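Visitor: First, the structure itself, so that you have it in front of you.
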Amino acid sequence: MSKASQWNHRVNRLLSMDRHELLDRLRQRLTARADVLRYRGGPDFASSPQLRPGRLTGSFFFAPADVPALCAELKRSFPLQANEIVLQAEKICHHHFDLLGYENLNYGAQIDWHCDVVHGKRGPRKPWFKVKYLDFREVGDSKITWELSRHQHFVTLAKAYWLTGGDRFAQEIFSQWAHWHDENPYPIGLNWASSLEVAYRTLAWIWTFFLLQDCPLYTSELREQWLDALNLNGRHIETYLSTYFSPNTHLLGEAMALFFLGTLFPGLRRAARWQRSGWEILEREAAKQVRKDGFYFEQSTYYHVYALDIFLHARILAGLNEVPISAEFDRILQSMLDALALMGRAGMVPSIGDDDGGRIFDPRRNRAEHLFDPLATGAVLYRRGDFKSVASGPREETLWLLGIGGLAEFTALAGAKPFGSSTALRESGFYLMACEKCGQQLQIDAGPLGAGSGGHGHADALSVCLVRNGRNLLNDPGTFEYVGPSGERSRLRGTGAHNTMQVDGLDQAEGVGPFSWKNSPQVKVAQWINGQQFDLFQGSHDGYSRLPSPVIHHRWVFHRKGQFWLVRDRAEGHGAHQLDITWHMGPTLSPVASKQCAFADEQGSITLVTAEGHGWSESVRRDYGSRAYGHKQEANVVSFGGKIELPADFVTLLIADQDSHPRLGRLVRLASKEGMVRGYRYSNLGQEHSFFFALQPGPWVLGAWASDANFLYWSMDREREQYALVLCGASYANAAGQRVLTCNTQVRYAEVLSSAMKVELFSSDPEQVMVQAALDQVLADGNLILPDNDPKRMGV
C-alpha cells in the first residue's frame with residue numbers, strides 16, 4: 001500500500017470514529033507515551049500493587065491442597081496424557097518447544113523471547129506500540145514469538161512437578177519467569193504489543209500460581225513478585241482493551257483475564273473494578289458475538305471453540321465465586337455447545353475459516369480432533385448426554401475445571417443419540433446433511449465471510465466438507481500462517497483452496513492484507529428442504545458479479561439419504577470464462593485404480609462420478625493443506641475445469657462407502673431440445689436414478705417425464721422393488737403420459753415412496769397433494785427405463 005493510500009485510509013478511519021472511540025484511542029495513545037517516559041525515568045512498573053486488606057484469593061477451579069489428588073487421578077484416568085506431560089516438560093527444560101503446529105523448536109541455552117526461530121527473525125527492543133507486529137520483515141511471524149511468551153508451558157512444568165516430584169520442573173519455571181522479566185521490561189518489546197497476549201500470559205501465571213502454592217520452592221518473596229507482575233498485566237489489559245481495535249476474541253480473552261484477576265485476587269486495588277468490567281464485557285459480548293443459531297460470528301469453527309472455551313472457563317469460575325450468572329448467558333453457552341455438537345456429530349468438526357492454533361487450557365490440543373473438548377465439560381455442566389456422546393470420552397480439562405467429582409459425573413451421565421435429521425444453522429449459513437445410518441455428514445457453507453471485514457473468514461461460499469465416522473473425506477485445507485513470504489496465507493484462504501467453483505482464477509472476494517476482504521459475496525439460499533429420504537439445498541452467490549462480464553455461481557446439492565450426494569454447479573453469465581471446480585480429498589485418502597475418480601484408505605472410499613462426455617478437463621495433483629497453524633501436509637486435489645461458454649453446468653455425484661473398491665455405475669446427461677430443463681441419469685446395480693432441474697419456471701417435458709417442478713427426482717431399485725419420487729416447487733408430475741401426482745396448489749415439496757404395494761406420501765402441504773398412480777404400476781410397462789442408446793431417452 002502506498003503512503004498516499006495509507007494516509008487516505010487513516011483519514012477515512014478517523015472520520016468513521018464516534019466521540020467515544022476517539023477519546024478512548026486518544027487516552028490509550030497518551031498513556032502509552034507517558035509509560036515510555038516513566039520507563040526511561042527508572043521506576044519499576046511492577047512494584048507496589050497496593051493490596052487491600054481481606055482475602056488473599058478467591059476460589060479457583062481447585063484448591064492448592066487438591067493438586068496431588070488431581071494428579072493421581074490424572075495418572076489413573078489419563079495415563080497417556082500424564083506421560084506426555086512429563087515428556088513435554090523434559091523437552092521444555094532443554095528449551096525445546098512445540099509451538100502451534102511447529103515441533104521441537106530449539107531455543108538454545110538462553111531463550112530469546114523476542115525471536116521467531118522458525119524464520120530466524122527477531123523483534124526490535126522498542127516501545128511496544130512502535131513494533132509493527134504484522135510486518136514479517138520486522139518481526140517474522142509474531143504468533144510464534146507470542147505463543148512462547150504466553151507461558152502456557154509453565155502449566156505443563158507445574159503438573160510435571162507434581163506428577164514426578166522433580167524439583168527441577170518448578171525451578172525451570174522460576175528461572176524462565178525471572179529471565180523473561182529481565183528481557184521484557186515494561187513497556188518494551190513485541191510481547192507487550194497485544195493485550196490479548198498479555199491476557200493469555202496472565203491466565204497461565206494464574207494457573208501456575210494455584211498449582212504451585214504448596215511447592216516449597218515457591219517462596220513468599222516470589223509470590224509477592226508474581227502478584228506484582230499480575231497487577232501490572234491487569235493495568236495494561238484494562239488500559240489497552242480491544243474495545244475498538246479487535247472487538248472479537250481479543251476483547252473476550254482480555255475481559256476473561258480481568259475477570260480472573262479481579263475475582264481471584266480481591267486484595268489488588270483495582271480488583272473489584274476488574275471483576276465487574278470483565279464479567280460485564282463477557283455477558284455483553286456473548287449476546288453480540290454469538291449468532292442466534294449458536295455459532296460464533298467470525299465464521300470459523302476454530303474461533304467458535306476459542307470463544308466457547310473463554311465463556312466456559314469464565315462461567316465455571318463465576319459459579320465457584322457466587323458471581324450472578326444471567327439465564328441468557330447460560331442459554332448462549334448451551335447454544336454454542338449445541339452448534340458444536342451438530343457440526344461434529346459425524347466424529348469430526350470441519351475446519352471452516354481460520355485456524356488460530358491457540359487454546360486456553362492446553363495449547364497442544366489444537367487439532368480438529370481436539371475441538372470436542374468443551375463438549376465433555378459442557379455435558380457435566382448442563383447434564384447433556386448428547387454432548388457426552390459427541391465428545392466420545394472424558395477430557396483432562398474437565399478434571400481440572402470440575403474436579404474428580406466432575407469426572408465421575410461425566411462417567412455416570414447417560415449418553416444420548418447425537419444424530420438426528422439434517423438441519424441448518426441459518427444465521428451462520430451452515431447447512432448440514434446428515435445420515436445417521438452411515439455416520440456421515442456433508443456441510444455446506446452458505447454464510448457470510450464473517451464479522452466486520454471478515455478477517456478470519458475464507459472466500460469459500462457454497463463450499464462443502466464431508467465427514468464420515470470421524471474421517472475427513474472432503475477437506476478444508478486450513479490456514480497454515482497469517483503472515484510470511486510463502487504466499488500460503490492468500491492461497492489457503494482463497495477460493496481455489498475450497499470445494500467450490502472458482503471463476504477466471506480469482507477469489508470470490510478481494511483480499512486486503514492478511515485480515516480483511518472487500519467486495520464480499522452475498523450468498524442467497526433459495527431452497528433448503530428436508531424430506532423423508534432426501535435433502536435438497538439450492539444457493540447462489542454474486543462474488544463474481546464484479547467482473548467486467550459478471551458471473552453468478554449457483555449450486556444445488558441433492559442428498560439421497562444413505563446413498564449419495566448429487567452436486568450441480570451452474571455458472572450464469574455471458575461469454576467464455578475459465579471455470580474450475582476443485583475437490584480437496586482428506587489427507588488419508590489415496591487414488592484407487594478405477595475408471596471413476598476414486599480415493600480410499602483402509603476405512604473406506606469416496607468417489608466422484610461425473611457425467612460422461614462432460615468436456616471439462618480433469619486433473620489430480622498433490623497440494624499442501626494444514627491441520628494446525630504452522631503444520632503442512634500433502635493431500636490429493638481433484639480439479640475439473642476449462643474455458644467454458646456461459647451459461648454452463650457441471651454435475652458431480654459424491655459416493656462415500658466403507659468399501660475401498662466400491663462397484664459404481666454410470667452418470668449420463670439427458671439432452672432436452674426445448675432448453676427448458678436439464679436432466680441426468682445414474683444407473684448402478686439394478687438401480688436407476690434420474691434428476692431434473694428446470695432452467696426457468698413453467699411446464700417442461702424430458703423423456704417420459706413432464707412437470708412444472710423446479711426439481712424432480714425419481715428412482716427405482718429393481719431388486720427390492722422400491723420406488724421414489726420427489727418434486728420441489730411443483731403442482732403436478734406425469735410419467736409416461738400418465739398423471740402420477742397432482743397438487744391443488746404449488747407445494748414446496750412432495751415425496752412419494754412405494755414399496756411392496758405400499759405407498760407413502762410426505763409433503764410440506766400433504767392436504768394439497770394427491771397421488772393418482774402408484775409408481776410401481778406406472779413403471780410396470782417399462783416406459784420410464786429406456787436403453788442408453790434410445791433417442792427417446794435423450795429427449796430427441
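The values are calculated or read from the model by the stated rules, or taken from the named source; none is laboratory data. These numbers were taken from a predicted model, which means no experiment stands behind them. Cβ sites come from the backbone with ideal geometry, for glycine too, and all protein chains shown count toward neighbours. Surface accessibility is based on the protein's heavy atoms, side chains included, excluding ligands, DNA and RNA. Shrake-Rupley method; radii C 1.70, N 1.55, O 1.52, S 1.80 Å.
Visitor: Which of the residues spanning the stretch 386-406 are outside any helix (DSSP H, G or I) and among the hydroxyl-bearing types (Ser, Thr, Tyr)?
Guide: Once the filter is applied, which keeps residues that are outside any helix (DSSP H, G or I) and among the hydroxyl-bearing types (Ser, Thr, Tyr), the stretch 386-406 yields only SER392.
Visitor: Something else: Report, by residue number, each residue of the stretch 604-619 that is of a type in the set (D, E, K, R) and not in a loop (DSSP other than H, G, I, E, B).
Guide: GLU618
Visitor: Right, another one. Grab the strands (runs of 3 or more DSSP E) fully contained in the stretch 435-551, keeping just those with 2 or more residues being open to solvent by 30 Å² or more (accessible area, probe 1.4 Å).
Guide: Ranges flagged: 523-530, 534-544.
Visitor: All but one of (1) in contact (Cβ under 8 Å) with a residue 60 or more places away in the chain; (2) of a type in the set (Val, Ile, Thr); (3) assigned to a strand (DSSP E or B) hold for THR588; state the number of the condition that does not hold.
Guide: (3) is the only condition that THR588 fails.
Visitor: If we keep just the residues of the stretch 98-156 that are part of a strand (DSSP E or B) and among the acidic types (Asp, Glu), which is farthest from THR31 (Cα to Cα)?
Guide: Selected residue: GLU103.
Visitor: Moving to a separate point now. Looking at ALA414, is it part of a loop (DSSP other than H, G, I, E, B) and either buried (at least 24 other Cβ atoms within 10 Å of the Cβ) or of a type in the set (S, T, N, Q) (or both)?
Guide: no
Visitor: Oh, and also: Which residue pairs have Cβ atoms under 7 Å apart, sit 6 or more places apart or on different chains, and have a first residue in the stretch 344-369 that is closer than 13 Å to TYR629 by Cβ and of a type in the set (A, V, I, L, M, F, W, C) and a second that is open to solvent by 10 Å² or more (accessible area, probe 1.4 Å) and not in a loop (DSSP other than H, G, I, E, B)?
Guide: Taking only residues 6 or more apart or on different chains, the pairs are ALA368/ARG627.
Visitor: Among (1) within 27 Å of VAL155 (Cα to Cα); (2) open to solvent by less than 10 Å² (accessible area, probe 1.4 Å); (3) not β-branched (Val, Ile, Thr), which single condition is GLN299 missing?
Guide: All conditions pass for GLN299, except number (1).
Visitor: Among the residues of the stretch 59-80, count how many are part of a loop (DSSP other than H, G, I, E, B) and either of a type in the set (A, V, I, L, M, F, W, C) or modelled with pLDDT under 95 (or both).
Guide: 5
Visitor: Taking the criterion of being free of Cβ contacts under 8 Å to residues at least 40 places away in the same chain, open to solvent by less than 30 Å² (accessible area, probe 1.4 Å) and out of contact with any strand residue (DSSP E or B) (no Cβ under 8 Å at 6 or more places or on another chain), would at least one residue in the stretch 689-699 satisfy it?
Guide: Yes: one or more hits.
Visitor: The conditions are (1) open to solvent by less than 50 Å² (accessible area, probe 1.4 Å); (2) of a type in the set (S, T, N, Q); (3) modelled with pLDDT of 95 or more, and SER755 fails exactly one of them. Which is it?
Guide: (3)
Visitor: Given GLY140, GLY120, GLY166, which one is within 30 Å of PRO514 (Cβ to Cβ), small (Gly, Ala, Ser) and either touching a helix residue (DSSP H, G or I) at 6+ places or on another chain (Cβ under 8 Å) or open to solvent by 20 Å² or more (accessible area, probe 1.4 Å) (or both)?
Guide: One residue alone meets the criteria, GLY120.
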